[in-house]
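So the structure is just underneath, and the comments pick up after that.
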Amino acid sequence: MPLSPDILIQAVANGLLTGAIYALIALGLTLIYGVLHIINFAHGALLTAALFAAFFADRTLGIDPWASVFLLAPAFFALGYLLQRLVIWPASRGEDRAILLVTLGLAVIVENGLLFQFRSDTRTIDHPFGFDVVELGTMLLATTRVVAFCAALAVAAGLGLFLALTDTGRAIRAVAKERLGAELSGVDVPHIYAVTFGLGTACLAVAACLLLPSFYVTPQVGNAFVLVAFTIVVLGGMGSVPGALAGGLFIGVVESLSGLMYGETLGQLGIFLIFILVLLVRPQGLFGAKA
Amino acid sequence: MTSRFTPVLVVLAALALLPLFVTSNVALNFLKVALMLALAGTGWNLLGGYGGQFSFGHAVFFGTGAYAAAVLQVRFGINAWAAFAAGTALGGALGLAIGWLTFRAGLRGSYFALVTLAFAEVARIIASVWPLTGAGSGILIPLKVGFATLQFASRAEGYWFVLALLGLAMLLVRAIEGRRFGAQLVAVRENEDAAKALGVDVLAVKLRAITLSGAITASAGAFYAQTFLYLDAGIAYGPWISVEALLTAIVGGIGTVWGPLIGALVLQALSELGKHLGGDAPGLGLVLFGAVLILVVRFAPHGIVGLARSLRPRRLARG
C-alpha cells in the first residue's frame, strides 16, 4: 500500500501525542520500580480507577477533567501513599515474590470491583474542545491531544525538577541508590517508599485526566496501557526517568505507524514482540545501566 | 517410598467414589470445574511452587492445549483422543521453547513474570485474528457424544476423566518430590546461585520443570475444550486462567502436592459465593479472589496446607 508522506507525518505526530501520555504512565511505573524495586502490577487497574474518577467528576459533579486533575492528583497521591503504607508493605514484608502477588491481588480487586459496579459498558464524555483541531503545516491535530501532550511533558519535567532539587526528591534518590545508607543518614525509608508510590499513582491521575477528553473508559481499559507501560519501562531501562520519556514517545510512534500499516490489533502485537525481544536480549533496557 | 503415595491414592479413590453418592448436576459441575482448575494449578505449582519461577501467563499453556485439541479435530478431522494428547504435548513443547528463550536469557523473578504475561498476550492476539483458530468468532467443536469423540454422556464420566488426569499429575509431582530432580528444583528455588555452585545444572532443571508444567496445564485446557466445546481467544488465553492457576496453588499451599486441589475447591466455592451475592453481574468472585490472595500472602504464606501443618505438633519437612 503506497503511503503519502503527509499521512506518514500525521501518523508520527499522532504517535508522539499518544506517546507523551504513555510516557507519563510509564514514569509512575519506573519511579516505583527505581526506588522500591517492585513491579507494580496494580498500575493498570489504578489508571482505570483514575479514569473512572475523572469520568464521574465530569458527569456527576460537572468538573472538567482539566480542572479535576488538581483534585484527583492529590487524592491519588494519598491513595497510593496509603496503599503502600497499609497494604503492600505490611502484607509483603518487603519480599519480592510476595510483593508481586500483593500488587497482582490489588489489580484483580480494583479491576473486577469496577467491572462489578459499572459493567463493561464503554463510557465517554463530551468535552467542550472535543472536536477542535490545531493546524500545523499539513497536519490536523486534535486540540485535546495537543494539550495533553504539552501537559504530560510539563508534568514529567516538573517531576524531574522535584527529584533533583527538593529535600524529599534527594531522599527518594538516596533510597533508590543505597537504601541502607539512606536509612543510616536518618531518612525515614517506609515514608519515602510510600511517598514514591503516591507520586507514581498521582502520575496516573494526571494521565487519566489528560486522556479522558479524547478517550473512553471501561473497567479493562487500564490493561492495554499497562502492558505498553511495561514495554516502555523495560525499553527505557527500569528506574530511568529519561528512559521512560524517550521510550514512551518511541512506542507511541511505533504503535501509530504499525497500526497504520497492519491494523490496530496487529499493531499491538508489534509492541509485545518488542517487549519480549528487549527482555530477552537486553533486559537492562536501552538506557539503563544494570537490571 | 510406596507409603508416600498412599495418602494421594486414598484421596483420589475417595474422590472417585463421590459421584456414586452425589447425583446433583450442580454439585458435579462444581467439582468438575474445580478439578480442572486444580489440574491447571498443579502445572503452575511444579514450576512456581517447587521451582520458584512465578509465571503470570500460564494461560499460554492452557489456551494452547485447548486450541490444539479443538483445531486438530475440527479443521483436520483428527481423532479426539489423539488431539487431546497432541494438545498436551504441544503445551510441553511450548513450555520448553519459552523456557529455552527466557531462562537462557537469565530472566527470573519479576522479569520472568512479566515476560510470561507478554507471551500469553501475544498468543491471545494471534488467536483473535488467525482464521485457523476461528479468529474473533471462536471455534466450536460439534456435539457428538461418545467414547471415540471424548465427549461424555454423563457429568460423572467427565468428572472421572478429569480426576484421572489430576491423579496422574499429582502422582507425578509426588514422584518428583522424592527424586533427585525434585531436590534440585527446590534448591534452585531456595538459592539459585548456591545450587549452581553445588553443581546443579540450573538451566536443565528449569527447562524440565517448565516443560512438564506446560504439558500439565495444557491438558487442563484440552479438557476445557472437550467439556465446553467452545473456545475464543478471551477464554482460552485470557488473564483469568493465568490468575486462577497461580491462585489455586498459593491459596492451597505453594510447593505442596495438595495445594492446588485444596485451593481449587476453596476458590471454586468462593466463586459460587460471588455469583450468589452478586447475581448476574460479573466480577464479584474475582474481587474475593484478589482479597484472598492478599490475605493469604499476609497471614498464611504457606496457604491452607501450611496452616494445617502449623496446627499439628510434629514437624514435617516442607516440599
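Coordinate-derived values only; no laboratory data. What you see is a predicted model, and the numbers here were worked out from it, not measured in a lab. Neighbour counts are summed over all protein chains in view; Cβ atoms, including those assigned to glycine, are modelled from backbone coordinates with ideal geometry.
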Once you have the Cα-Cα distance between residue B:204 and residue B:78, take 0.36 nm times their residue separation minus that, and quote the gain in nm to one decimal. 42.0 nm
Under 30 Å between alpha carbons, and skipping anything fewer than 8 positions from residue B:275 in its own chain: which lysines qualify? B:32
Any idea how far apart residue A:126 and residue A:150 come out in nm if each label point goes 7 Å out from Cα toward Cβ? 2.6
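Which peptide among A:105-115, B:210-220 comes first, and what is the full order, when sorted by highest mean count of other Cβ atoms within 10 Å? It would help to have the intermediate numbers written out before the result.
Working: A:105-115: 23.6, B:210-220: 29.7.
Put in order of decreasing packing, that is B:210-220, A:105-115.
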So which chymotrypsin sites (Phe, Trp or Tyr not before Pro) in the range B:94-194 pass both tests, a DSSP loop state and at most 12 other Cβ atoms within 10 Å of the Cβ? B:147
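Take peptide B:48-58, look around each residue's Cβ out to 10 angstrom, count Cβ atoms belonging to other protein chains, and average those counts. Intermediate values should be presented prior to the final figure.
Values: counts 1, 0, 0, 0, 1, 0, 5, 0, 5, 0, 0.
Taking all residues of B:48-58 together, the mean is 1.
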Histogram of C-alpha separations across the protein assembly as shown, 20 Å bin width, %: 19, 53, 26, 3, 0
Label points 7 Å out from Cα along the Cβ direction at residue A:9 and residue A:273: separation in nm? 2.9
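Could you calculate, for the range A:5-281, the ratio of the Cα radius of gyration to the Kirkwood radius, expressed as Rg to Rh? The partial results should precede the final answer.
Numbers: Rg = 18.4 Å, Rh = 19.0 Å.
Ratio value, two decimals: 0.97.
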The range A:1-46 versus the range B:23-58: alpha-carbon centroid distance in Å: 35
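Within 10 Å of each Cβ in peptide B:99-109, how many partner chain Cβ atoms are there on average? Round it to a whole number, please. The partial results should precede the final answer.
Details: counts 0, 0, 3, 3, 0, 1, 6, 3, 4, 1, 5.
Average neighbour count from other chains, rounded to a whole number: 2.
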State the Cα centre-to-centre distance between the range A:237-251 and the range B:264-293 in whole Å. 38
Can you list the DSSP H helices in chain A whose Cα atoms extend at least 20 Å along the helix axis and whose mean Kyte-Doolittle hydropathy is -0.5 or higher? A:5-36, A:43-59, A:65-82, A:96-118, A:143-165, A:189-211, A:221-236, A:241-262, A:264-281
What average count of beta carbons from other chains do you get within 10 Å of the Cβ of residues in B:284-296? 6
Using Cα centres only, tell me the gap between the range B:74-131 and the range B:192-229 in whole Å. 12
Taking the simple approach of a point 7 Å from Cα along Cα-to-Cβ for both residue B:299 and residue B:100, what is their distance in nm? 4.7
Can you list the DSSP H helices in chain B whose Cα atoms extend at least 18 Å along the helix axis and whose mean Kyte-Doolittle hydropathy is 1.0 or higher? B:2-21, B:25-45, B:59-76, B:80-104, B:110-129, B:155-177, B:202-228, B:239-253, B:284-299
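To the nearest 0.05, what FRET efficiency results for residue B:291 and residue B:3 with a Förster distance of 41 Å applied to their C-beta separation? Intermediate values should be presented prior to the final figure.
Working: r = 38 Å, r/R0 = 0.94.
The pair residue B:291/residue B:3 has a calculated efficiency of 0.60.
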Would you mind getting the Kirkwood hydrodynamic radius of the range B:2-238 from its Cα pairs, rounded to one decimal in Å? 18.4
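Tell me, which longest segment in chain A has none of the trypsin sites (Lys or Arg not before Pro) that fall in DSSP loops with at most 13 further Cβ atoms within 10 Å?
Numbers: sites that count: A:93, A:119, A:290.
In chain A, the maximal stretch lacking such sites is A:120-289.
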